Amino acid sequence: MSLFITSSPPHLRSRITTTCIMYHVLIALLPAVAAAIYFFGTSSLLLVVICVLAALTTELFWQVFRQKKITVHDGSAMLTGILLALSLPPDLPVELAALGSVIAIAVGKQAFGGLGHNPFNPALVGRAFLLISFPVEMTNWPLWKGPSQSPLNGATSATPLDLAEENIITEYSALFWGNVSGSLGETCAPALLLGGFYLCCRGFIHWRIPVGILGSAGLLIYLDGSDPLFHLLSGGLLLGAFFMATDLITSPLTCRGHWIFGIGIGVLIWLIRLHGGYPEGVTFAILLMNMTVPLLDYYLIPQPLGGVSSRGSNKKNC
Amino acid sequence: MKVRDKNILRGIHINDGKETTFNRSIVRASPPSEVVIPLLQHHGKPGQPLVKKGERVRKGQKLSESKSPGAVPVHASISGTVTAVEPRLTIRGKREMAVVIKSEKRATFSPLPPLTRYRHLPENKVLRAILQEAGIVGLGGAAFPTHLKLSPRNKQHVDAVILNGCECEPYLTGDDRLMQEAPEKVVAGMEIIMKILKVNQGYIAVEDNKPNAIASLKKFTYGKENLKIIPLKTRYPQGAEKILVKILLGREVPGGGLPADVGVIIHNVETAWAINNAVYKGIPLIEKIVTVTGNNVPKPANFLAPIGISFQALLEQCGGLLDYKGKIIAGGPMMGRTQCSLEVPVTKETKAILALPEKEAALKEPGPCIRCGRCVEHCPMGLLPVFLAELSRIQKCQDLERLKLSYCMECGSCAYVCPAKRPLVQWIRLGKNRR
């Protein structure tokens, strides 16, 4: 007659779910999306919508085709779409954006087994694919509609990092507020910082990763004789540090892992930006460090409570 | 010795559900018509039954005996006739040998044997012998025989006793009420423990969500230099021995060791109360404080219940169940065992009966792990629950020891915080059993 449910403890579960975390990250991205629309016009909204729709459709098709449980509503595909859109140039043809989104979900995520199994950040896989396949379109920066500083050639402008290669320095205030050309979501620092701090404070991302990236990249660039503040504010560094590198699935699990992962990304950004061929290095830095995550998780096992070797030892702190 | 009054960094904070019963005083449960007393109610091996079917027993009479020095006897919790000595379903989910006693009207009490029996022994051995004879076990839930815990090995130099009044499990309020209503008995029991161990320094740790308990204990220990009441910030699983030793004294119990290895003995406040009853009143452990609570119970209460009373009988005194569905849990919601039947008796391990309605008890569908690291962040032992659970699940046992599987105390913090609702503790237990 027993109608009681039996199960293993614990019998209480917290209210936070996977979907809840995804939507919190989406909320944190809203300021960046708003800034993109403000600076680059409504065409950027179209780009965001296209990327999200393409991502959702790909995920849905994949899951229907493979007869998997439909989890399109969990927010993860939408997050990938928005992150990809924010890392694209505003004038990118929509069909390329959609293609990038399809690649991000299909190759970057579902091919590995879906949510939680992808070794690389799917949005960055999509962006890297577009960057390598369509280098011209992906580096075609439109003239910023406001008071721009010395556009190089008629129709297109250049990002502050491109300009720096030609020894043209952009003002800090323009860099900070986002009055520069660049990808949709990467220019406006206050919007990114707002979202990033929100996520760090609520504990939805690991704060050590952005701190490690910004700290190590800034320090190395300073030691190398360049302007660290300029580099931190330009390009996709803030977007990458707060939203791409901190992707839960593709970052390490332990504290020490977070530090090493963050610092590794910072070092790679410094190498690529100052000593490599690309003016921008965040995408590849993060993708390269994504590869080290399984190794970091395997070797960096924290010392458990009572893991001290000698019996009866009276160690004060762990 | 330095005392720490600080929070542990890990662990979880839970909305604790104690508000329904924390202000209800402990009431004596009305005597049941029948009790079922399992012979094994402690951590160890059961004893042999001393009574046969048809025999009349008195309340407090010893029902079992064992040659093993670690075993403790069980006692009749009511007067009556033995109707059966047979296997019965217990809270462990198994059928285990039990003595069934049918109540009779005329109650007679048989106290513990007189102290003259122990004339030739030194004082602390006498006290230990009384505790064993009284069947006292740790009442925090693990039911480890108390006299064993109070006999540290020679090399273990015990210099501190901690009385654990944290009661960090949600919903449980028995210890809280006990500290409010009978602080003198708790403190007296504590003093006996300190006397047995010849220890001068005692701490009573209470979480700060029990201000009344802290106040009444402070009032009662006023002027006693060697007893300190230590309020701790509320946090689960603070009441776990190793965590408590770390927080209070900054000592780390080595893996696989006991708190005695770092010179500390920890007892639950209810154990101290039971020790007081045994030593000063000659009452063996035949009654237990049980919180009956949960949203499926119309009138939640704290009971002083005879051991062996069925869950059904206790729940009836709270107005039955609103709905005969959901979960019935023996113990708290984080570590308690679900029950499939209401026939099971209250034993020395039972701290609470928690009835969760169907809605709260519904099993969650686990999703894929998103490697958020919340389980790692909250594991009080500093382990990697995500890998322990996953390797256990796929039965890759050789890596489990590298990740210190045996350190896991199954507190459930990881599964509580898991956003994908994965049954981490269940898999970890699987891994522990497979090895």
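The values are calculated or read from the model by the stated rules, or taken from the named source; none is laboratory data. Everything numeric here is computed off the predicted structure, so don't read it as measured data. Cβ atoms come from the backbone with ideal geometry, glycine included; neighbour counts cover every protein chain shown.
At-a-glance table
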| item | result |
| --- | --- |
| Matching residues in the range A:83-115 - criterion: being surrounded by 22 or more Cβ atoms within 10 Å (Cβ to Cβ) and among the small types (Gly, Ala, Ser) | A:Ala85, A:Ser87, A:Ala97, A:Gly100, A:Ser101, A:Ala104, A:Gly108 |
| Helices (runs of 4 or more DSSP H) enclosed by the range A:86-140 - at least 1 residues per element that are in contact (Cβ under 8 Å) with a residue 60 or more places away in the chain and either basic (Lys, Arg) or touching a helix residue (DSSP H, G or I) at 6+ places or on another chain (Cβ under 8 Å) (or both) | A:122-133 |
| The one condition in (1) surrounded by 17 or more Cβ atoms within 10 Å (Cβ to Cβ); (2) assigned to a loop (DSSP other than H, G, I, E, B); (3) without any contact (Cβ under 8 Å) to a residue 40 or more places away in the chain; (4) touching a Ser or Thr at 6+ places or on another chain (Cβ under 9 Å) that B:Leu383 fails to fulfil | (4) |
| Residue list for the range B:86-115, filter: of a type in the set (A, V, I, L, M) and within 17 Å of B:Val346 (Cα to Cα) | B:Leu89, B:Ile91, B:Met97, B:Ala98, B:Val99, B:Val100, B:Ile101 |
| Tally of residues being touching a helix residue (DSSP H, G or I) at 6+ places or on another chain (Cβ under 8 Å) and not aliphatic (A, V, I, L, M) across the range B:323-340 | 5 |
| Residues of the range B:36-72 that turn out to be assigned to a strand (DSSP E or B) and under 17 Å from B:Val137 (Cβ atoms), as a count | 5 |
| Selected residue (only one of A:Ser216, A:Ser234, A:Ser251, A:Ser183 is surrounded by fewer than 21 Cβ atoms within 10 Å (Cβ to Cβ) and of a type in the set (Ser, Thr, Tyr)) | A:Ser216 |
| Qualifying residue in the range A:64-80 (condition: touching a residue at least 24 places away in the same chain (Cβ under 8 Å), over 20 Å from A:Gly116 (Cβ atoms) and more than 14 Å from chain B (Cβ to nearest Cβ)) | no |
| Index of the failed condition, B:Glu19 passing every other in (1) at pLDDT below 95; (2) closer than 22 Å to B:Leu112 by Cα; (3) not in a loop (DSSP other than H, G, I, E, B) | (2) |
| Odd one out for B:Gly135 among (1) closer than 29 Å to B:Tyr236 by Cα; (2) in contact with a Pro (Cβ under 9 Å, 6 or more places away or on another chain); (3) not β-branched (Val, Ile, Thr) | (1) |
| Residue match in the range B:356-369 (condition: more than 9 Å from every other protein chain (Cβ to nearest Cβ), part of a loop (DSSP other than H, G, I, E, B) and closer than 24 Å to B:Lys18 by Cα) | yes |
| Index of the failed condition, A:His73 passing every other in (1) farther than 21 Å from A:Phe129 by Cα; (2) part of a loop (DSSP other than H, G, I, E, B) | (2) |
| Odd one out for B:Cys379, checked against (1) at the interface with chain A (Cβ under 7 Å from one of its Cβ atoms); (2) under 28 Å from the mean Cα position of the chain (by Cα); (3) among the hydrophobic types (A, V, I, L, M, F, W, C) | (1) |
| The lone exception for A:Ile205 - which of (1) within 14 Å of chain B (Cβ to nearest Cβ); (2) touching an Asp or Glu at 6+ places or on another chain (Cβ under 7 Å) it fails | (2) |
| Boolean, A:Phe129 is modelled with pLDDT of 95 or more, surrounded by fewer than 22 Cβ atoms within 10 Å (Cβ to Cβ) and closer than 24 Å to A:Ser251 by Cβ | yes |
| In the range A:161-206, the residues that are charged (D, E, K, R), in contact with a helix residue (DSSP H, G or I) (Cβ under 9 Å, 6 or more places away or on another chain) and closer than 27 Å to A:Leu46 by Cβ | A:Glu186 |
| Elements of type strands (runs of 3 or more DSSP E) in the range B:284-340, at least 1 residues being away from chain A (no Cβ under 14 Å) and of a type outside the set (Phe, Trp, Tyr) | B:287-293, B:301-306 |
